[in-house]
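Below is one structure; the comments refer to it alone.
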Amino acid sequence: MDARSNPYAAVRFPRAARGCAVLFVLCSVVSGALAGDKAPWFPGQPETKRFSWAGETCEGCDALAPRSEWKAMASLAGLKEIRFLLTPDESKGAAWSYAPNVVVLAPSALKLPDCQLAFVVGHELVHIAQRHFDEDAHNLLVLSGKPANWTRTGETALGLLNFSLALHLSATWHQQEHEADWMGALLAAQACKCSLEKSALSYLSEDGQYGGGLASAHAPESERIDSLRPFIDSARKLASRVP
């Protein structure tokens, strides 16, 4: 959430991480969601070229058994075999994801109230479901003037990034984050019965002075909150669905 794991974090300016501690998350899951198909409102995957991803090493991370609500959200997003890891520190923020199928949570994420954590996890699942990493790799090939077949490896494509290209991609990153925000909030609403006020809006309002900046992946929290407000009614309807 705070900064998706990537080899070009140095040219982004992620907001500060929250404090740390561990809390077992209790979240009521809509029955049947685990075995269900992708939610009808969840968009289809983009047509972007698929890259091969080796999957970066998460130093010091431990496997994290997924909660039932995380599985439910993954199912609603059309995802299977998502890996969850727990990082020992807050160096990259509360949560992030990396290709092809990994969500990493810091101790501070597990301390969040139930619905805020559901939003954080849902947000990262959207990055994977919507293949934002493939999109970044593709865009870097185009912006660098490389032919489409220059590499099939995502990490190699991302290695082309420099500060100049980051400036060009900043608008795309903002769009990806907004997409992950609203879809993640709706995943939390349907799977965990979380209103937008209790999930995304409360999470983003806690430290609104962070975010944004030159070549930043995230827009300021105030902008992210404003972009989410039109989805309040949709989230409320999903949260009120009878299983």
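Details
- A simple packing score, the average count of other Cβ atoms within 10 Å per residue, orders the peptides 53-61, 198-206 as 198-206, 53-61, with the highest score first.
- Residue order, fewest to most beta carbons within 10 Å, for THR172, THR87: THR172, THR87
- In this simple spin-label approximation, SER234 and ARG152 carry label points 7 Å from Cα along the Cα→Cβ vector, and these lie 3.6 nm apart.
- Selection from GLN130, ALA148, GLN116 lying farthest towards where the dipole of segment 106-169 points positive, charges on Cβ: ALA148
- Distance between the pseudo-spin-label points of GLU81 and ALA63 (7 Å out from Cα toward the beta carbon): 1.4 nm.
- The slack between SER144 and SER222, meaning 0.36 nm per residue of separation minus the straight C-alpha distance, is 24.8 nm.
We did not get these values from a lab; they are worked out from the coordinates using the rules stated. Bear in mind that the values here come from a model prediction, so they are computed numbers and not experimental data. Methodologically, a virtual Cβ is constructed for each residue, glycine included, from the backbone with ideal geometry; neighbour enumeration extends over all protein chains shown.
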